[in-house]
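Structure, as structure tokens:
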Amino acid sequence: MARKTKAEAAVTRDSILDAAEKLFAQQGVSRTTLQHIASAAGVTRGAIYWHFLDKGALFNAMFDRAKMPMDEAMQVLDNQRDVKDPLQCLRDDMMTVLRIVVEDEKARRVFEIATLKTEFIDEVDSVRARRRESIGLWQDRMEGHLKLAQEKGMLRPGVSTREAAQGGWIMVDGLIRNWIFEPTMFNLQELGGTVIDTYLAGLRVS
């Protein structure tokens with residue numbers, strides 16, 4: 001059998017990730033086997049092991065691929081915005097997360113898998129570690145904005161930037177989880193904007 005070119009290998013890798021993403025969303029991570037994924041992708045289990053060490057590694061690669069639009073959007077924000085108001089920067093970040101969840105089907109599906117369709121068992125323990133890392137990075141980014149606001153005297157006295165960052169992430173995470181569970185319940189961007197503005201108003205000095 002001829003050795004695959006890099007382009008062909010990349011196509012195979014993407015087909016495996018596409019199949020895994022759909023199956024994880026349909027039946028959960030723990031109930032999806034590598035054989036299920038191989039059959040759906042039209043490849044052998046050996047082909048999966050050629051690209052991924054195990055199911056956890058496959059999940060993390062799927063997560064990285066879906067996260068790219070978010071990373072790119074944040075890079076654009078970092079390059080374009082004026083940091084005179086760090087709280088506005090924080091709002092921009094939070095609203096961008098909500099917008100991408102609404103507009104990017106792949107990012108939305110992977111968020112759903114990571115939050116609602118994953119049982120953190122030993123088989124995919126690396127998934128738990130990766131989600132913890134991702135949440136930590138987001139909270140660090142949010143706290144960075146809050147610390148700048150604090151230095152500029154924009155926060156109410158006694159506000160803990162770490163706790164405020166944790167609370168902000170929990171709020172955004174909760175909005176997304178509830179919207180994914182029942183999208184007709186509310187408009188994520190509209191209600192999200194109102195909730196975020198209320199949150200920021202409670203932090204900002206009068």
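The values are calculated or read from the model by the stated rules, or taken from the named source; none is laboratory data. Note that the coordinates shown come from a computational prediction; the quantities given were computed from them, not determined experimentally. Note that each Cβ is placed from the backbone with ideal geometry, even for glycine, and that neighbours are counted across all protein chains shown. Note: accessible area is taken over every heavy atom of the protein model, side chains too, but ligands, DNA and RNA are not part of it. Shrake-Rupley method; radii C 1.70, N 1.55, O 1.52, S 1.80 Å.
Return the pairs, sorted by first residue and then second, in which the second residue is not in a helix (DSSP H, G or I), the first residue lies in the range 144-168 and is of a type in the set (Gly, Ala, Ser), the beta carbons are less than 6 Å apart, and the residues are 6+ apart or on different chains. Listed by first residue and then by second, the contacts come to 149/155. When residues of the range 1-17 are filtered for being of a type in the set (A, V, I, L, M, F, W, C) and free of Cβ contacts under 8 Å to residues at least 12 places away in the same chain, how many remain? Residues meeting the conditions: 5. Filtered by the rule that a residue be touching a Gly at 6+ places or on another chain (Cβ under 8 Å) and exposed (fewer than 14 other Cβ atoms within 10 Å of the Cβ), the range 157-206 gives a lone residue, 205. Each residue in the range 159-203 was checked for being outside any helix (DSSP H, G or I) and modelled with pLDDT of 95 or more, and 4 of them qualify.
None of 92, 78 is acidic (Asp, Glu), at pLDDT below 85 and under 30 Å from residue 151 (Cβ atoms) except 78.
Pick from 101, 83, 76: which is free of Cβ contacts under 8 Å to residues at least 40 places away in the same chain and either open to solvent by 70 Å² or more (accessible area, probe 1.4 Å) or not polar (S, T, N, Q) (or both)? Before you say what the answer is, go through the steps one by one.
On the way: 101 fails: free of Cβ contacts under 8 Å to residues at least 40 places away in the same chain; 83 fails: free of Cβ contacts under 8 Å to residues at least 40 places away in the same chain.
Just a single option satisfies the conditions, and that option is 76.
Whenever a residue of the range 18-46 is at positive phi, its partners that are open to solvent by 20 Å² or more (accessible area, probe 1.4 Å), lying with C-beta atoms within less than 6 angstrom and at least six residues away or across chains, give the pairs 28/117.
Within the range 25-53, the residues that satisfy the criterion of being open to solvent by less than 70 Å² (accessible area, probe 1.4 Å), modelled with pLDDT under 90 and not polar (S, T, N, Q) are 25, 28, 29.
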